[in-house]
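Have a look at the structure below, then the notes.
Values in this text are rule-based calculations from the coordinates and carry no lab data. Predicted model only: the values in this text are computed from it and were never measured. Here Cβ is always computed from backbone atoms with ideal geometry, including for glycine, and neighbour counts include all displayed protein chains.
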There are 2 protein chains.
Amino acid sequence: MADPIRIGVLGRGTVGGAFARLLEERADAVAAATGRRPELAGVLSRSEGEFAEILAGSDVIVELIGGTDPAREYVLTALHAGKPVVTANKQLLAQHGEELFAAAREAGVALRFEAAVAGVIPIVRTIQESFGVTEIDKVFGIVNGTTNFILSEMAATGAAYEEVLARAQQLGYAEADPTEDVNGADAAAKMAILARLAFHAPVTLADVAFEGIEGIQPDDLAYAKELDLSLKLLGVAERRDGGLSVRVFPCFLYGGHPLAPVEGPFNAVMVEAPAITEVTMSGPGAGGVETASAVLGDVVSILSGDAPAAEVREELPLVADVASSFYLHLEVADRPGVLARIAQVLGENEISVKSVVQRGIGEDARLVMVVHECLESRFHAAIEEIGGLDELRSQPRFIRVIEEEFV
Amino acid sequence: MADPIRIGVLGRGTVGGAFARLLEERADAVAAATGRRPELAGVLSRSEGEFAEILAGSDVIVELIGGTDPAREYVLTALHAGKPVVTANKQLLAQHGEELFAAAREAGVALRFEAAVAGVIPIVRTIQESFGVTEIDKVFGIVNGTTNFILSEMAATGAAYEEVLARAQQLGYAEADPTEDVNGADAAAKMAILARLAFHAPVTLADVAFEGIEGIQPDDLAYAKELDLSLKLLGVAERRDGGLSVRVFPCFLYGGHPLAPVEGPFNAVMVEAPAITEVTMSGPGAGGVETASAVLGDVVSILSGDAPAAEVREELPLVADVASSFYLHLEVADRPGVLARIAQVLGENEISVKSVVQRGIGEDARLVMVVHECLESRFHAAIEEIGGLDELRSQPRFIRVIEEEFV
């Protein structure tokens, strides 16, 4: 058997610890599969180890620090030194991907990052390799387990957002500071990475429009049930009007949609292309062992000698105004003619109504509507107009809906 | 750019034609991704072309003939000649896999077969590469789209098996001779391939116990609905009692199971392992373009230089008697004491009842039960005894049930 392969690990957190254990546990299996036995060359933490020394003693660098600083510098230094790198760092890739991929190409070494997106689901490898020469139309899905857990719990229990968030924190599904998860920034970073892979275009975090779930009310979920809708925080990257649209937003799905049954801290990603119709992949969104397992898969790939860093081949403009279907929640005075006025505003903006549920509450009424796909700019114009009507009792609330119903 | 890569295609059927078109259409993308432009070196059909000539003029052989003869000889000859091979031929791999993999290893060339299992779902690559060093417990799922379409239609319409099969044939979801699909043999071949990959053990078609869906009655599906069960033809390969069990059988799943929503001519495969919890992948089960796309992915992998032929590393005994939960359908005389007698027989065989639905029909009654997991040998003993009771109006019918309920 060839010399052992020395693995330098940057980071000693949950994932770093799980990776070191898994590496030891599966060393024989790695040796059997690749012909080289992996050895832990050193672990860098804030208090222990020295980067330069670990780098010098390693054949492969595994970056599990998170954040962009000092992770960016470490990864660049490792690549410049001709060492392949595996990272689970989505922010680093979403913000500095071009620089890192260029460094990897220049040095002729691999930069792999399966664990950065969708936990243990092998979506990066699938897009890069299985569908590497496929003309992909759309990649979308649930890429943040924290928000999916919160939305599932809100729907199941009727509890308010704040209450469910606190429960998620207790269970370890949400961080002490959950901001990046709940405001959509984490999902946006992952979608930037997936969009780059799927479309061979230089998408970065700054190109992704994102909205979070902080404003979701329990009664949105209650009304949605009557319409057979379930709420997910979706990331969508797609070709539209000759350009590219990459967004993250809360969105209702009909019961028959393949993503509708994905509940709890799970992730699921769909890829659509003429040559494959659609493929859906789901699994746990995070977890130390699961992330470590994805990292180990990347290490094995490097030992097997495959997958150079992909070069960007396309320049696609970002499309600003896309068409969406919306759920619309209005509290109005229960007077004759109110629905007619609202319907008129929608009609004038060329927005057609798919379904309406109206319910009286004392002297007021709630109107819950789903409207068919329309340009978002038109929808926002209509909402502004509706918000100004005398009959409105509170500001309109709205959430996107994926209209397609699947068999 | 390097020399073009010459692709020799064996077979000119639906998949062969779709592959030739896709190869031309995506030639630029393949060249951009791999540095080599693919060219069709020749196509062998029954009436045209000569194998030896095509082999001599090709760098890679793509086998899309199907069946084992002459496909086996062609693939072996190509591998011995040092040419990498891509095949979509599940029967060939399930029956002669060891011989072919050995030939590939000896010649040091790749033998790839993503399209042989689960259509466009990249399950082969995922098990081989992403989870290549993961200790997998279980691989299971819906690996035959024809039977899944038939069962979905039967459940949705209440129509009889024969009627739905005829409709499937009209729609092109079933062959003129559907035997291998409906009797489970096709799924068994795919499970043999998946089991070999997942467990690094020399599983062949002969090791797989399979049952089909020909005996399913519309009222099984009707009663099952009351119990929130949906019926699938499942393939299951798992570690059990220190050995391996690989089987194909019709099976009920509870509504919350990740495979329950998979309807129509779709496939879905789940992989379970401690390090990954579970990953589910679903997509279209077949189709010429989809299969051609999977074949092209394999060609690209070969051009990228990865994935040698996996060597078998384990010898696991096959476990004959496994534990299962069952749905049991009995037509009995509607007399006092009947349920008690049946329950006694079950009790004596240490089988405990999970749920019962009883319904009178004139002087008779139908008993539909679900029993908890028990050794299949015990269940069959109980069924033989129950079948001999005076009160039975027809032979007992039974179908396996996956008991776990998912959140």
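Side notes on the structure shown:
- With Cα atoms, 0 to 90° folded angle of helix A:71-80 axis to chain A main axis: 50 degrees
- Rounded to the nearest Hz, the phi-derived 3J(HN,Hα) couplings of the range A:119-135 under the Karplus curve 6.51 cos²θ - 1.76 cosθ + 1.60 (θ = phi - 60°) are x, 8, 5, x, 6, 5, 4, 4, 5, 5, 10, 4, 10, x, 10, 8, 7, where x marks glycine and proline.
- Among the listed pairs A:LYS190/B:LYS232; B:LYS90/B:LYS138; A:LYS138/B:LYS83; B:LYS190/B:LYS354, those with a Cα-Cα distance over 26 Å are A:LYS190/B:LYS232; A:LYS138/B:LYS83; B:LYS190/B:LYS354.
- Each other copy places its own label point for A:GLY49 at 5.3 nm from this one, sorted shortest first, where the point lies 7 Å along the Cα-to-beta carbon line.
- When Rg and the Kirkwood Rh are both derived from Cα coordinates, the Rg/Rh ratio for chain B amounts to 1.04.
- Residues whose placed amide H lies under 5 Å from that of B:ILE351, excluding near-sequence neighbours: none
- Across the copies of the chain, A:ARG335 has label points (7 Å from Cα along Cα→Cβ) spaced 7.6 nm apart, shortest distance listed first.
- 0 to 90° range, to nearest 10: angle between helix B:288-304 axis and chain B longest Cα axis: 50 degrees
- Direction-averaged projected area, Cα convex hull, the protein assembly as shown: 38.2 nm², rounded to one decimal.
- Near B:ALA174, the amide H atoms lying under 5 Å from its own belong to B:GLN169; only residues 5 or more places off or on other chains count, and H is placed 1.01 Å from N.
- Computed from point charges on the beta carbon alone (+1 for Lys and Arg, -1 for Asp and Glu), the dipole magnitude for the protein assembly as shown about its Cα centre is near 720 Debye.
- In this label model, B:GLU175 and A:HIS380 are separated by 5.6 nm, measuring between points 7 Å along each Cα→Cβ vector.
- Highest GNM mean-square fluctuation among B:GLY35, B:GLY388, B:GLY82, for chain B modelled with Cα contacts below 10 Å: B:GLY388.
- For chain A, modelled as a GNM whose springs connect Cα atoms under 10 angstrom apart, the maximal fluctuation among A:GLY16, A:GLY337, A:GLY264 occurs at A:GLY337.
- Amide H to amide H, with H built 1.01 Å from N, A:ALA41 comes under 5 Å of A:ILE7, A:GLY8, A:VAL9, counting only residues 5 or more places away or on other chains.
- Between the beta carbons of B:ASP241 and B:ALA160, assuming R0 = 22 Å, the FRET efficiency works out to 0.05 to the nearest 0.05.
- Two-site label geometry, B:ARG21 and B:THR68: point separation in nm, points 7 Å out along Cα→Cβ: 3.3 nm
- Whole-Hz ³J(HN,Hα) from phi, Karplus 6.51 cos²θ - 1.76 cosθ + 1.60, for the range A:365-374, glycine and proline x: 8, 10, 10, 10, 10, 10, 10, 5, 3, 8
- Charge sum, other residues only, whose C-beta stays under 10 Å from A:ALA382's C-beta, Lys/Arg counted +1 and Asp/Glu -1: -3
- Which of A:HIS80, B:HIS200 has the fewest Cβ neighbours within 10 Å, and the rest in rising order: A:HIS80, B:HIS200
- Bridge orientation summary for the protein assembly as shown: considering DSSP beta bridges with both residues in this region, about 70 percent are antiparallel.
- For the segment B:289-302, counting C-beta atoms of other chains within 10 Å of every residue's C-beta and taking the mean gives 4.
- Residue-wise HN-Hα couplings along the range B:96-103, as the Karplus relation 6.51 cos²θ - 1.76 cosθ + 1.60 with θ = phi - 60° gives them from phi, are 10, x, 4, 4, 5, 5, 4, 4 Hz; Gly and Pro carry x.
- Dipole of chain B [Lys/Arg +1, Asp/Glu -1 at C-beta], most positive-end residue of B:VAL246, B:LEU64, B:ALA33: B:ALA33
- Distances between copies at A:ASP69, taken between label points 7 Å from Cα along the C-beta direction, are 7.2 nm in increasing order.
- Max mean-square fluctuation residue, GNM over chain B, Cα-Cα springs under 10 Å, options B:GLN95, B:GLN395, B:GLN128: B:GLN395
- Order of B:VAL85, A:VAL371, B:VAL345 - criterion: other Cβ atoms within 10 Å of each residue's Cβ, fewest first: B:VAL345, A:VAL371, B:VAL85
- Residues of the range A:17-37 falling in the label zone of A:SER47, defined by backbone nitrogen less than 13 Å from a point 7 Å along Cα to beta-carbon, are absent.
- Formal net charge of residues neighbouring B:GLN217 (Cβ-Cβ distance under 13 Å; K, R +1; D, E -1): -4
- Burial ordering of A:TYR161, B:TYR327, fewest other beta-carbon atoms within 10 Å first: A:TYR161, B:TYR327
- Value in Å of the Kirkwood radius, where the range A:5-116 supplies the Cα pairs that are averaged: 14.0 Å
- Calculated [θ] (222 nm, deg cm²/dmol) that DSSP helices of n ≥ 4 give over chain B, each run adding -39,500 (n - 2.57): -11000 deg cm²/dmol
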